[in-house]
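Here the structure is laid out as structure tokens; the discussion comes afterwards.
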Amino acid sequence: MIAKPNGGTVIAVEQITYKNIDPRTRNMIMLGLCLAMLAACFDGTIVGTIGSVLAADLNGLELYAWMTTAYMLCETIMIPIAGKLSDIYGRKPLFLLGLGLFTVGSLCAGMSTSMEMFIACRAFQGLGGGILIPVATAAVADLYSPSDRARMQGLLGAIFGVGSGIGPLLGGYITEFASWHWCFYINIPIAIAAGILTIKKFPTPISEGRSKIDVKGLVTLSVLLLDVLLLIEFGGSEFEWVSLTSFAMIAIALALVVLFVMIERRAENPMLAPHLIRNKTVIMGAIFMFVFGIGMMGAMMYASMFSIYVMGLSVLEAGEWSLAMIAGMMITSISSGALVNRTGYKPWLIVGPVLCFAGLFVMSGTAVNPSMVLSGTVVDTYMWQYLGGMFILGLGLGCMMSVVMSAIQNSAKPSEMGMTTSAVNLMRSIGSTMGTAIFAMVINAKLSGELLSLAPDVYAAYPHDTGVLNYISMFTADQYGSVITAFGNSVNFTFLVGGIILLCLVVVGIAFKVQKPEEDEEFEAAKKAVEGKDQAE
């Protein structure tokens, strides 16, 4: 990477670009990026299966929610920071830093002797994961031409889907045949392999020029994200949505938004450049990835619960069934990336939401019959309908991710690639967090109504805000049928709501256009200056 001062700032320019990089070197780098992203993705969801076993072993059941929350908070906060810093200092330093943090966090998590230690290690892992994902995504634009980026983003999209989907399944198998400690030790050889593939071959800076970091913006954005994510995560559970705590957190968030905008307008090198809002492709891409996060997380969360409690599958069997959705995601993520240059972006962004709705609609029609669960016939009777719906849903989700990310990168300035990419990744991450909260509210509201109708004794016995898991686990034998029926109907309704939410993206897909990047005059001037210096030497 080359650097040239310009009025106190440093303009970073890739020394090795897609125009002159050796294909073998590029393939090695890409393999390393894929390995790192795979580990970061499945580690974000791996505690879904092993959480109860791990918490019981460490005597920390009261801190159960923080196992996931700590990782999610740190990952989300680091995404925009890592993207911007990678534009300043290059992808390699940030990638290796993220890899190091993730590896150390994984090692210490596996060695944890208390719940407090484990949560701290999960936070450390989240910092690493929050660096790896946006840097790996942005690096595709450094390594591949605009015409090839969609294909490679399709590959990363498939990796993202596989990693996120197999996390719970992998955790279940490892815990059953070894111990939960190895769910984290397994990251170490993967991280080492990723480091070996990238440490020598990754493009490096020619000079270590320094650019002024927007410290005020960095701190303000981090506090803003922390406030918003905690509000989403604990609103409705730790405190009521209509409460003094909620109003205070909302007021703080609004004040921080105003402060952040003021800071960024005056910043010499802003964390999130204000002019991004004028880029329609970035705005539409952010909307797409936000709703994508909501739909994917909600479907993955409650699809597993439905198959376990309503269809009578074991945790591992439910994980195996989820591979139907992952298979669908892989097919369209890779094929959309390979074909988008011929078809354009719009067809995929219109078909994707329609397929998501169709898949969730099929899933919402799965019959609920508790007696069949006991006899073991539900799986045989409704397996193909449910699996078919999950597969169609996966096809729809896979249509969107790689296409949107390649469109974003093809509309971004070269010197702002990391910042632009991470801004959209940030919206996906926030969407995933919000999706969990939204789907939880919808299903709990529907479940209360179902229980009041089918099992009023259960409805009266437990607090209405106790949550889904308590309702379906705290019942007597004679209440079993009514509770399971109420729960199954509630999940089916939630699938339908999720499908309608995703279907709304058709409107954005119809209006979607790829905006050419603005002229990056400083970038090109710095590039020509260094090229001239090289020729003179």
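The values are calculated or read from the model by the stated rules, or taken from the named source; none is laboratory data. What you see is a predicted model, and the numbers here were worked out from it, not measured in a lab. Note: ideal-geometry Cβ built from the backbone for every residue, glycine included; neighbour counts use all protein chains shown. Accessible surface areas use protein heavy atoms only, side chains included; no ligands, DNA or RNA. Shrake-Rupley method; radii C 1.70, N 1.55, O 1.52, S 1.80 Å.
Of these, A299, A255, A303, A338, which one is open to solvent by 30 Å² or more (accessible area, probe 1.4 Å), within 24 Å of M434 (Cα to Cα) and either in a helix (DSSP H, G or I) or among the hydrophobic types (A, V, I, L, M, F, W, C) (or both)? Reasoning before the result, please.
Values: A299 fails: open to solvent by 30 Å² or more (accessible area, probe 1.4 Å); A303 fails: open to solvent by 30 Å² or more (accessible area, probe 1.4 Å); A338 fails: within 24 Å of M434 (Cα to Cα).
Matching residue, one of A299, A255, A303, A338: A255.
How many of the residues making up segment 307-335 are polar (S, T, N, Q) and either surrounded by fewer than 22 Cβ atoms within 10 Å (Cβ to Cβ) or more than 21 Å from L505 (Cα to Cα) (or both)? Before you say what the answer is, go through the steps one by one.
Here is the first cut: in segment 307-335, the residues polar (S, T, N, Q) are 307, 314, 322, 332-333, 335.
Right, trim to either surrounded by fewer than 22 Cβ atoms within 10 Å (Cβ to Cβ) or more than 21 Å from L505 (Cα to Cα) (or both) and you get 307, 314, 322, 335.
Count: 4.
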Considering only segment 108-141, how many residues are touching an Asp or Glu at 6+ places or on another chain (Cβ under 8 Å), of a type outside the set (G, A, S) and open to solvent by less than 20 Å² (accessible area, probe 1.4 Å)? 2
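Condition check ((1) touching a residue at least 40 places away in the same chain (Cβ under 8 Å); (2) open to solvent by less than 40 Å² (accessible area, probe 1.4 Å); (3) more than 19 Å from the chain's Cα centre (by Cα)) across all residues:
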{"position": "M72", "(1), (2), (3)": "yes, yes, no"}
{"position": "I77", "(1), (2), (3)": "yes, yes, no"}
{"position": "P80", "(1), (2), (3)": "yes, yes, no"}
{"position": "Y89", "(1), (2), (3)": "yes, no, yes"}
{"position": "L96", "(1), (2), (3)": "yes, no, yes"}
{"position": "L99", "(1), (2), (3)": "yes, yes, no"}
{"position": "V104", "(1), (2), (3)": "no, no, yes"}
Going through segment 347-379 in order, the residues found to be open to solvent by 30 Å² or more (accessible area, probe 1.4 Å) and modelled with pLDDT of 90 or more are P347, W348, I350, V351, V354, L355, F357, A358, F361, V362
Some residue of segment 276-289 being more than 30 Å from G394 (Cβ to Cβ), open to solvent by 30 Å² or more (accessible area, probe 1.4 Å) and part of a helix (DSSP H, G or I): yes
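Among what's in segment 172-203 and is β-branched (V, I, T) and either assigned to a helix (DSSP H, G or I) or more than 23 Å from the chain's Cα centre (by Cα) (or both), pick the residue that is surrounded by the most Cβ atoms within 10 Å (Cβ to Cβ).
Looking at residues that are β-branched (V, I, T) and either assigned to a helix (DSSP H, G or I) or more than 23 Å from the chain's Cα centre (by Cα) (or both), I get T198.
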Confirm whether Y382 is touching a helix residue (DSSP H, G or I) at 6+ places or on another chain (Cβ under 8 Å), modelled with pLDDT under 85 and aromatic (F, W, Y). no
Among (1) buried (at least 18 other Cβ atoms within 10 Å of the Cβ); (2) at pLDDT below 70; (3) not in a loop (DSSP other than H, G, I, E, B), which single condition is F475 missing? (3)
Number of the condition not met by M249 [criteria: (1) out of contact with any Leu (no Cβ under 6 Å at 6 or more places or on another chain); (2) modelled with pLDDT of 90 or more; (3) open to solvent by less than 50 Å² (accessible area, probe 1.4 Å)]: (1)
Matching residues, segment 39-53, being in a helix (DSSP H, G or I) and in contact (Cβ under 8 Å) with a residue 40 or more places away in the chain: A39, A40, C41, F42, D43, G44, T45, V47, G48, T49, I50, V53
